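Rule-based calculations on the coordinates, nothing more; no lab input. Everything numeric in this text was worked out from a predicted model, so none of it was measured. Don't worry about glycine lacking a Cβ; one is built from the backbone with ideal geometry, like all the others, and counts go over all protein chains shown.
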Amino acid sequence: MAHIHEKIDFTVSIFVVREAQVLMVHHRRLGAWLPLGGHIELDEDPEMAAHREAREESGLEVELVGTRPPTTSPGTRALLAPRFMDIHRITDSHEHIGLIYFARPLSGTVTLAPAEHHAIRWCDAAGLEQLQPPISPAIRWYCQQAIAELA
């Protein structure tokens, strides 16, 4: 997807948990183990992007976890707040603001997206330590939080 802006984009990460395991993908271009996720497109809100990315990258329909405020009215729709947010540098001149969601699978069969990933797998806390290449400390922390909150 093209960048929304040359300096900054908004992205979603979805840490999907089932039975004390989190779904991880080995990203083909980045060569790293990551959660599901990607850019928020111009015609999407963050929730729509999270659902689309989960479906495209894993074949799963997911339930995003959190509380939606009861403030929806004509012309306004309350969004589910992400569990966490971060900002991370992609290049010297480009950053991503990441909206980090925790989710549970609702339906579907886990399916590899071979154009985007080398592998896809469920990992428990011990399995996260076995991934090669090793996951970053930040990704490990989010995985552990998601498992602790949703298991």
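Across the stretch 111-151, the fraction of Cα-Cα pairs farther apart than 16 Å, rounded to a whole number, is 42%. Start at zero, step by 5 Å, and the Cα-Cα distances of the chain spread as 2, 9, 18, 22, 23, 14, 7, 3, 1, 0 percent across the bins. Taking Cα centre as origin and charging only the Cβ of basic (Lys, Arg, +1) and acidic (Asp, Glu, -1) residues, the dipole magnitude of the chain rounds to 260 debye. Is the C-alpha gyration tensor of the stretch 80-145 telling us rounded, prolate or oblate? Criteria: a/c under 1.5 is rounded; beyond that, a/b larger than b/c is prolate, otherwise oblate. Rounded, since a/c falls under 1.5.
The sum of -39500 (n - 2.57) across all DSSP H runs of n ≥ 4, divided by the residue count of the chain, sets its helix-only mean residue ellipticity at 222 nm to -6500 deg cm²/dmol.
In loop segments of the stretch 21-115 as defined by DSSP, the trypsin sites (Lys or Arg not before Pro) with at most 15 further C-beta atoms inside 10 Å of their C-beta are Arg28, Arg29, Arg77. Summing Lys, Arg as +1 and Asp, Glu as -1, what charge do residues with Cβ under 14 Å from the Cβ of Glu61 carry, Glu61 excluded? Spelling it out: positives minus negatives among the neighbours equals -1. Summarising the strand pairing of the chain, around 75 percent of its internal DSSP beta bridges are antiparallel. Using the Cβ-Cβ distance between Thr111 and Ser73 with R0 set to 35 Å, the FRET efficiency works out to roughly 0.35.
Spin-label point model (7 Å from Cα, Cβ direction): what's the Ala32 to Glu63 distance in nm? About 3.1 nm separates the two model spin labels. Sparsely packed loop sites in the stretch 26-82 (the GluC sites (Glu not before Pro) outside DSSP H, G, I, E and B with at most 10 other Cβ atoms within 10 Å) do not occur.
Comparing His39, Pro82, Pro133 along the charge dipole axis of the stretch 27-151, the residue lying farthest to the positive side is Pro133, per the Cβ-charge model.
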